[in-house]
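This report concerns only the one structure given below.
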Ligand SMILES: [Zn+2]
């Protein structure tokens, strides 16, 4: 094909127009410029919402001002006085379809300020573009990225079919009892008719984002041995210490067998039953420490156990009763906490993370479309507020779009690079667009079970 001089000029003109169109949104709307996006993130990070005295009202005011600038409906709910939960709404054109809930928590864990390179509430940006702040990974980033993604979608003229809600909840870092737990059990939540919830994930040191379909349930076990007291020089059977040590040996063998599966790559961190001893209590106190020539009559140990939903809780209970604290060795046990492994329907508390779950498929495809990579779905090793939702049999996916970043949640010098943050906004833009446009199977209440 041949081009005349005029057609070449014409082609140049077309490509120029296309370029102008693509950068038009940013040019027309200065709030979409990178400095403004980063500055909003910094403002949120600078609000000190650290436990045990989080400035919840300052955070709520900031979030509501953001909602206003985006023309989102907003309300503040206090299930417990002084602990506001901010709920935002972007109404969909079909309010009968189950809605999307984008969840985040506003509180952060405390920090030892003097051990940080930059003050944890300064949101200082260094020469590499790393933003230092408590909450930069866990999880103020995600809360703001949802809002920024919506800002971009609105600027592009996108109209959601499904209603999109955003909830900013208090107290996740202290168990979520006055936040997510009450919210997910409320009539208000039922009325939102939620079909899928996005909650937090974890930073990934590799280029693959991490997504979580379940989490482990904490069982905090205390085992206690009783035995015959006696002189420290005597050898005899059935002392409390010996009884407890036999259990500890058995527990350590079990721990090693679980850890081995991680070490050889057979299972991921969240897929095994982790068992860690957290306290030992025994001995007869004396003014200088402990009495050295008396074998005590009681000995106790505390163990933090984390049980994945894929494990059999009954066989673990049997193991505890028969091997770790058997009556035959004068032992008893109790739980300081024993979170359920199964949901209220008796099914393992997990969200399907394969092509049978349209929400999973949509997320996976959206991440790829936005140029991201996703690792194998995982079980979250710790606990998040998503457990209160999965307990009700509702689906939740844990996801924080943080790749190529060391995992620093709850550590000193928690940071997030600004390019990683900006990329995460694009990822959420693709996910929210896909979720809010989804009109097919699995859209009515009756099919929730299979989701
Ligand atoms: Zn968190």
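The values are calculated or read from the model by the stated rules, or taken from the named source; none is laboratory data. Just so it is clear, the model here is predicted, and its values are computed rather than measured. Cβ coordinates were reconstructed from backbone atoms using ideal geometry, including for glycine residues, and neighbour counts include every protein chain displayed.
The residues of region 103-121 that are farther than 24 Å from residue 39 by Cβ and in contact (Cβ under 8 Å) with a residue 24 or more places away in the chain, listed by number, are 103, 109, 110, 112, 115.
The single condition among (1) surrounded by 15 or more Cβ atoms within 10 Å (Cβ to Cβ); (2) closer than 16 Å to residue 224 by Cβ; (3) without any contact (Cβ under 8 Å) to a residue 40 or more places away in the chain that residue 282 does not satisfy is (3). Selection of region 69-114 for residues being surrounded by fewer than 20 Cβ atoms within 10 Å (Cβ to Cβ) and part of a strand (DSSP E or B) yields 73, 74, 75, 76, 77, 89. Is it fair to say residue 363 is surrounded by fewer than 20 Cβ atoms within 10 Å (Cβ to Cβ), under 18 Å from the mean Cα position of the chain (by Cα) and either within 16 Å of the ligand (Cβ to nearest atom) or farther than 28 Å from residue 305 by Cβ (or both)? Here the answer is no, as residue 363 does not meet what is asked. The listed residues are 244, 266, 235, and the only one of them that is in the same structural domain as residue 334 (by TED's automatic domain parsing), over 33 Å from the mean Cα position of the chain (by Cα) and part of a loop (DSSP other than H, G, I, E, B) turns out to be 235.
The numbered conditions (1) outside any strand (DSSP E or B); (2) in contact with a strand residue (DSSP E or B) (Cβ under 9 Å, 6 or more places away or on another chain); (3) more than 27 Å from residue 404 (Cα to Cα) are all true for residue 195 except (1). For residues that are assigned to a strand (DSSP E or B) and farther than 25 Å from residue 273 by Cα, scanning just region 209-232, find the one that is nearest to the ligand (Cβ to nearest atom). Looking at residues that are assigned to a strand (DSSP E or B) and farther than 25 Å from residue 273 by Cα, I get 226. Check region 237-245 and report whether any residue there is touching a strand residue (DSSP E or B) at 6+ places or on another chain (Cβ under 9 Å) and farther than 30 Å from residue 275 by Cβ. Looking through region 237-245, none of the residues is touching a strand residue (DSSP E or B) at 6+ places or on another chain (Cβ under 9 Å) and farther than 30 Å from residue 275 by Cβ.
Quickly run through region 271-310 and pick out the residues that are part of a loop (DSSP other than H, G, I, E, B) and in contact with a strand residue (DSSP E or B) (Cβ under 9 Å, 6 or more places away or on another chain). Correct list: 272, 273, 283, 284, 291, 292, 293, 296, 297, 308, 309, 310. Might you let me know whether region 109-125 holds any residue that is within 12 Å of the ligand (Cβ to nearest atom) and touching a helix residue (DSSP H, G or I) at 6+ places or on another chain (Cβ under 6 Å)? Yes, some residue in region 109-125 is within 12 Å of the ligand (Cβ to nearest atom) and touching a helix residue (DSSP H, G or I) at 6+ places or on another chain (Cβ under 6 Å).
When 204, 136, 167 are checked against the criterion of being more than 13 Å from residue 384 (Cβ to Cβ), surrounded by fewer than 23 Cβ atoms within 10 Å (Cβ to Cβ) and within 16 Å of the ligand (Cβ to nearest atom), 204 stands alone in meeting it. Just one of (1) touching a strand residue (DSSP E or B) at 6+ places or on another chain (Cβ under 8 Å); (2) modelled with pLDDT of 95 or more fails for residue 268. It is (2).
Here residue 340 meets the list (1) surrounded by 13 or more Cβ atoms within 10 Å (Cβ to Cβ); (2) modelled with pLDDT of 95 or more; (3) over 22 Å from residue 253 (Cβ atoms) almost entirely, failing just condition (2). In region 140-159, the count of residues that are surrounded by fewer than 24 Cβ atoms within 10 Å (Cβ to Cβ), more than 15 Å from the ligand (Cβ to nearest atom) and within 19 Å of residue 403 (Cβ to Cβ) is one or more.
For region 368-381, the set of residues classified as over 18 Å from the mean Cα position of the chain (by Cα) and crowded, with 19+ Cβ neighbours inside 10 Å consists of 370, 372, listed by residue number. Looking at the structure I just gave you, is residue 147 in contact (Cβ under 8 Å) with a residue 40 or more places away in the chain, within 19 Å of residue 201 (Cα to Cα) and in the same structural domain as residue 437 (by TED's automatic domain parsing)? So residue 147 passes the test. Can residue 353 be described as part of a loop (DSSP other than H, G, I, E, B), more than 16 Å from the ligand (Cβ to nearest atom) and surrounded by 14 or more Cβ atoms within 10 Å (Cβ to Cβ)? Answer is yes for this residue. Scanning region 171-184 for residues that are under 18 Å from residue 88 (Cα atoms) and not in a helix (DSSP H, G or I) turns up just one, 179.
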